[in-house]
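Here's the structure, in structure tokens; my notes come after.
The values are calculated or read from the model by the stated rules, or taken from the named source; none is laboratory data. As the structure is a prediction and not an experimental result, all values here were calculated from the model. Heads up: the accessible areas ignore ligands, DNA and RNA and are worked out on the full protein's heavy atoms, side chains in. Shrake-Rupley method; radii C 1.70, N 1.55, O 1.52, S 1.80 Å.
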Amino acid sequence: VQLQAYGGGLVQAGGSLRLSCAASGRTFSSYVTGWFRQAPGKEREFVAAISRSGGRTYYADSVKGRFTISRDNAKNTGYLEMNSLKPEDTAVYYCAADGNLLVLTTTPSRYDYWGEGTLVTVSS
């Protein structure tokens with residue numbers, strides 16, 4: 001499966017953005033998907049994950065209550081709705097997918113497919 005994340009941009013603190021992850025090549029509903037982010041000088045970190053059907057989600061503590069992960073399998077697209085953004089949310093955001101995962105995982109190396117990132121910049 002090929003993934004492409006888009007929707008990043010510059011936003012003021014307290015604002016909102018919605019990222020999208022467009023999938024092509026294989027049946028999107030066969031994959032657990034996740035969002036990760038990487039700030040300059042830092043390791044890539046887990047943000048959120050969603051099950052194949054969308055019925056289960058999991059969030060990093062740092063974004064819980066502010067971000068919402070979702071998916072529309074009919075449109076082969078995943079989403080990350082980000083509200084109440086903070087300057088520390090500034091990073092390149094990546095979507096990822098894996099067809100073998102049985103549980104939602106926070107480990108980047110467990111995801112086989114990655115899209116190019118999209119930059120989110122939150123100004124104070």
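A few notes on this one:
- Per residue, the accessible area of the chain comes to 50 Å², computed with a 1.4 Å probe over protein heavy atoms only.
- Computed over the stretch 1-113, the range of Cα coordinates on each principal axis works out to 36, 26, 23 Å, biggest value leading.
- Contact order, relative form, for the chain: 37 percent (alpha carbon pairs under 8 Å, 6 or more residues apart, mean separation divided by residue count).
- Between Arg26 and Ser84, residue separation times 0.36 nm minus the direct Cα-Cα distance comes to 17.5 nm.
- Here the Gaussian network model covers the chain, with springs between Cα atoms less than 10 Å apart; of Val103, Val63, Val32, Val103 fluctuates the most.
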